[in-house]
Structures are given as C-alpha cells and as structure tokens.
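The values are calculated or read from the model by the stated rules, or taken from the named source; none is laboratory data. Remember, it's a predicted structure, so these values are computed and weren't measured experimentally. Glycine also receives a Cβ, built like all others from the backbone with ideal geometry; neighbour counts cover every protein chain displayed.
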Ligand SMILES: C[S@@+](CC[C@H](N)C(=O)[O-])C[C@H]1O[C@@H](n2cnc3c(N)ncnc32)[C@H](O)[C@@H]1O
C-alpha cells in the first residue's frame, strides 16, 4: 500500500519514525493511536488498511479537523486554500479562540468550517519584522510544506473508515476500545503512544497539557506482556528502567521544531527513542538496539 505523509507538520510529529514503527508492528488486526496529532504514523502504514482503526486527540481542533476531513472535505479544502491576508488571519484566529467542539463524545460531531479556518491559520505565519504574511513563511506556527489537492484527496480516502475520538488517551486503550471481545484468538492490536514529552523538555502544546508521559509509560508496562498487543511508546531517553522483554530503538529526526532554536545544537533529536513491548517484531531497521 502507498504510504502518505501529513498535510501539516506538527510539534512532535513522527513522520520520520513511521517506517521503523511499522517494522515493529507488522501487519495487525486493529490499530489504536491515542495521541494522533498530524496522523504521521497511521498515514505511514505500508500494509493494507486495517479492518479497524481508532485514533484520538485531546485537542478539539485536531479532532475536529480529522472528522471534518472525513465528513465534508470540500469545505475544509476551500477554506484552507483561501488567499492569505493579515486582516483575515486575525479575524479567523479570533473566531478559533472562542470555539470548541459542540459534542466531542459524538464521533459524527464536527464543524468543517472551523476545521478549514484552523488548518488555514496553522498553515500561514507572520514573519518577524515583515508586514506580509504568506504560506510557508519560516515564522512561528504549523506550516504547510507540501500541500496539493491530490495529496489532500488521497488523505480523504485513507481516513474514510478511521474513527476519530476526542478526549483523554485512556479512553481508547481499554479492552473495549481495543476490540478485545471482537478479535479472534491470535488477532493482534497495535497501540502507538506518543504523548507530550512533558514539562521541562521544551515541548509545549496548544492545550497546555502537562506531563502525562509517565502515566502512559505505566499503562504500557502493565499491558506489555499481553501477547495480543504490540505497543510502541515514543519519548526522550531518560534513563528509565527497561522492563524484561522490552527493547529501545533510536530513530532519526532532523530536529523538527527544535531546529528553530538557533542558539545551540538541538540535543533533543539525539534523545528520541521508541520503547517496544515484548511482542513487537524485533526486526526494525533501527540505528541502535539496546
Ligand atoms: C507528540 S503529539 C503527537 C504527534 C503525532 N504522533 C504526529 O505524528 O503528529 C501529542 C498529541 O497529544 C495530544 N494530547 C495531549 N494530551 C492528551 C491527552 N491527555 N489525551 C490525548 N491526547 C492528548 C496533543 O494535542 C498532541 O496532538
């Protein structure tokens, strides 16, 4: 299957890690991604589409975008590709600040108009000291690097059967959410956990979420020995104790948003790791195995 890449770069996006992550998962029967963001890992899946996939994000804007792309992609596209003007950008940002998803629990609930505004605002930037705004400026914000209608349409097709939840990550790793009752003997569920890396790591999210990486790790360790689960957790190397049967993979990043800091080398890119549960496939083309 052809892999896709996100239509917008995202803080902590895992586009470059996706090939290694899928070598660790292999072909599975269900895929769950509780911290979806720009969707880089689901989109980077080289295998045939899963029979069932569940993704989630706490951010109303992120969840709304993915639901809207499924429900009314044309509205999202029209708004997102509108010409830029700073007056319009400021007006749209004001609207976005006052908005939240009306009924996050309802998987059909979305607002394609607001999704288009959010993607538009995420894909333009105001360059410091420059009175003009333009797409792909090297300013602050999420920027559309490669954005074409063909790519957008492929994304719409890929997302058609993916369920998008909006809320806390724990609700989509329960046995019910993993479809433990539906999957037959030996059927596998892959769970990719990419939480905010935590206070003190220089990574901040628009929703101000705090340090949840440790509770994610606790859940992963508690469930890692389940033979029906393949779990990969992303994070920075922090000297944590490696439970029996787990492995660590180092993956290569170009530094992402950390590269915007010009003052010193971005050390964080060297700290990126994937922790892999005992039932993951041990054949990832990793640069380091511990
Ligand atoms: C590191 S980013 C994920 C990046 C994603 N893997 C990608 O490739 O784009 C973490 C995401 O978790 C979301 N998030 C923060 N706290 C959360 C929570 N408690 N439950 C679910 N999602 C959360 C943030 O909105 C953000 O989109």
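Quick look at the values:
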item	result
Test result for residue 49, outside the structural domain of residue 119 (by TED's automatic domain parsing) and away from the ligand (no atom under 16 Å from the Cβ)	yes
Qualifying position, being under 16 Å from residue 157 (Cβ atoms), within 13 Å of the ligand (Cβ to nearest atom) and assigned by TED's automatic domain parsing to the domain that holds residue 278, among 54, 4	4
Residues that are more than 8 Å from the chain's Cα centre (by Cα) and part of a loop (DSSP other than H, G, I, E, B), drawn from segment 15-43	15, 16, 17, 26, 27, 28, 29, 34
Qualifying positions in segment 152-186 - more than 16 Å from the ligand (Cβ to nearest atom) and over 25 Å from residue 218 (Cβ atoms)	152, 153, 154, 156, 157, 160, 161, 182, 184, 185, 186
Residues of segment 17-33 classified as closer than 25 Å to residue 185 by Cβ and near the ligand (Cβ under 10 Å from one of its atoms), total	1
Single match in 62, 41, 76 (criterion: at negative phi and more than 9 Å from the ligand (Cβ to nearest atom))	76
Hits in segment 44-70 - residues which are more than 20 Å from residue 20 (Cα to Cα) and in a loop (DSSP other than H, G, I, E, B)	51, 58, 59
Scan of segment 222-246 for residues that are modelled with pLDDT of 95 or more and buried (at least 18 other Cβ atoms within 10 Å of the Cβ), ordered by number	224, 229, 230, 231, 232, 233, 234, 246
Sole residue being more than 15 Å from the ligand (Cβ to nearest atom), closer than 26 Å to residue 174 by Cβ and in contact with a helix residue (DSSP H, G or I) (Cβ under 8 Å, 6 or more places away or on another chain), chosen from 14, 70	70
